[in-house]
Amino acid sequence: MIKEITKLKEEISGSLGNVADMESLDSFKLKYLVKKGSIQALFDRMKEVPKEDKPLIGKELNLLRKFAQDKFNSLSEKFKRAEESTPDIDLTLPGRAGYIGSRHPVLQVLDDMVNVFTSMGFDVAEGPDIEDDHHNFDALNFPPDHPARDMQDTFFVKSDNGLLLRTHTSPVQIRVMQSQKPPIRSIMPGRVYRNEAINSRSLAEFHQVEGLYVDKKVSFAELKGTMMIFACKMYGNDIDFRFRPSFFPFTEPSAELDISCFLCGGGGCRVCKKTGWLEIAGCGMVHPNVLGGCDIDPERYSGFAFGFGIERVTMLRTGIDDIRLLYENDVRVLEQL
Ligand code: PHE
C-alpha cells in the first residue's frame, strides 16, 4: 500500500508538469481529486489494511491528498490571476492609423477665394442668413412682381412678417453700403437658400461669395480685370475668358463670366457639357437705383458687383459630377476630394 501511495504521488507530480491551463487543471482534478478519483480509490482500500498499519497508511494517504489539493489550489489561483490580467487582445496586430481630419472641400475653396480677394485689397463682410424682404429684394431693385419672390424660390420664415432665408448674398451688399461710405471694397461669403428641387446639380442650401467695389469712376474694365485676375489665380494663367450679356435687377449692364474648361482645355468634355466653357459667376455694374437707395450718389460714384457659387467651383476643382456628394458626409468620399 505504501508503495502504491508513493507511485501515485510520483504520477501526480509528473502529471503536474502537463498542467498548463484551466482545462488541463480540470482534467487533473477529475483524475485525482474527485470522489471517483485515484486518491479516493486508495482511501476506499483502507478496509483491507491491517489494523496496526491503519494509522501510518491513513496519515500517508491524507498527506498525498493534501499534496494534490494544495497543488490544485495554487495552480487554479495562478491561472485565474493570469486570465484576469491578460486582456483579450492580440498585441502582435499592427496598429490602426488614426484619421487625420481636414477642412471640408467647400470650405477649402472658400478659403482660397477669400485669400485671392483679400490679397487684392478686399475685406470680408457678413450678413444674416434670415433676411427681410427689403434687403433681399426691394433694395436690390427687384420689382414687386419679380418671379424670384415667388413662394417656389424663396423660403419665407413666416408669410406675414416679411422675413425669409436669403436667396443670395447680394443683400449683404446693401448692408455694407448702408453702413459704410465709398470707397468700398468687400467680399461677402455666406450660405444661401432656395426652394429648389434637389438633384445632381442643385441643392436647396448652398454657398456664394459676393463681391462689391464702389468708388469714383469704377468701370466695367475694372470689373473684367478683377474677375480675370481672380480666375487666373484660382485656375492658372492658361485659361480663356468670355463675358456673356445677362440680366440681374441690381446690375446694369450685367454679365455672366465663363472660363475655358480647364479639364479638357476647351475641346469639350462631360464636365463642360461639350461646350468647352464653364460658367463661374454673375456680375455687373451696380444699378444706379441700388446705389441711390443706399444714399450713395450714382452721379458721383459707380461700382461693380459679382457673385460666385462656391459648390460649383468645388465640383469643378474636385471633378465630381453630383453636388449631393459634398453634403452626404460620407468620409470615404470626402477623404478623396
Ligand atoms: N446674386 C446673383 C445670384 O444669386 C449673383 C450676382 C451677384 C450677380 C452680384 C451680379 C452681381 O445669381
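Read-outs throughout are calculated quantities, based only on the coordinates presented, and are distinct from any laboratory measurement. What you see is a predicted model; the values in this text were computed from it and never measured. Note that we place each Cβ from the backbone using ideal geometry, even for glycine, and neighbour counts take in every protein chain shown.
Specify the inter-centroid distance of region 262-322 and region 199-234, based on alpha-carbon positions, in whole Å.
5
Of 90, 215, 132, which has the largest mean-square fluctuation in a 10 Å C-alpha GNM of the chain?
In this elastic network of the chain, the residue with the biggest mean-square fluctuation among 90, 215, 132 is 90.
What are the residues whose amide H is under 5 Å from the amide H of residue 125, where those residues sit 5 or more places off or on another chain and H is modelled from the backbone?
187, 188
Going by average Cβ neighbours within 10 Å, how do the peptides 311-324, 250-263 rank, with the highest at the top?
Most protected by this proxy first, the peptides run 250-263, 311-324.
In region 87-123, what chymotrypsin sites (Phe, Trp or Tyr not before Pro) fall in a loop by DSSP, with at most 16 other Cβ atoms inside 10 Å?
Those satisfying the criteria are 99.
Would you give the gap between the C-alpha center of region 41-68 and the C-alpha center of region 76-117, rounded to a whole Å?
Distance between centres, Cα-based: 64 Å.
From the residues 293, 247, 171, which one has its Cα farthest along the dipole of region 105-334 in the positive direction, the dipole being from +1 and -1 charges on Cβ of Lys/Arg and Asp/Glu about the Cα centre?
247
Count charges around residue 317 for me, please; just the other residues with Cβ under 11 Å from its Cβ, Lys/Arg as +1, Asp/Glu as -1.
-1
Relative contact order (percent) for region 1-103, with alpha-carbon contacts under 8 angstrom and 6 or more residues of separation?
Computed value for region 1-103: 28 percent relative contact order.
How would you rank 160, 138, going from fewest to most other Cβ atoms within 10 Å of each one's own Cβ?
160, 138
Loop-only check: which trypsin sites (Lys or Arg not before Pro) in region 216-298 are DSSP coil with at most 13 other Cβ within 10 angstrom?
216, 217, 270, 273, 274
Name the residue from 280, 223, 306 whose Cα lies farthest towards the positive end of the charge dipole of the chain, charges +1 on Cβ of Lys and Arg and -1 on Cβ of Asp and Glu.
Comparing the listed Cα positions along the dipole, 280 ranks first.
Using the crude model of +1 on Lys and Arg Cβ and -1 on Asp and Glu Cβ, and no other charge, please compute the dipole size for region 105-334 relative to its Cα centre, in debye to 20.
Roughly 640 debye, rounded to the nearest 20.
Assuming 0.36 nm per residue, please report the length gained on full extension of the stretch residue 107 to residue 20 beyond their Cα-Cα distance.
Length gained, residue 107 through residue 20: 25.3 nm.
Any idea what angle helix 2-16 forms with the longest principal axis of the chain, computed on alpha-carbon atoms, 0 to 90 degrees, nearest 10?
10
Hey, for a label at residue 43 modelled as a point 7 Å past Cα toward Cβ, could you say which residues of region 71-114 have their backbone N under 12 Å away?
none
Between 263, 157, 331, whose Cα lies farthest towards the positive end of the dipole of region 105-334 when Lys and Arg beta carbons carry +1 and Asp and Glu beta carbons carry -1, centred on the Cα centre?
263
Nearest 10 degrees is fine. How inclined is helix 105-119 to the longest principal axis of the chain, computing both from alpha carbons?
Between the helix axis and the principal axis of the chain, the angle is about 40 degrees.
Mind checking the alpha-carbon convex hull of region 105-334 and giving the volume per residue in Å³? Don't skip to the answer; put the middle values down first.
Details: hull volume 29.0 nm³, N = 230.
Normalising the Cα hull of region 105-334 by residue number yields 126 Å³.
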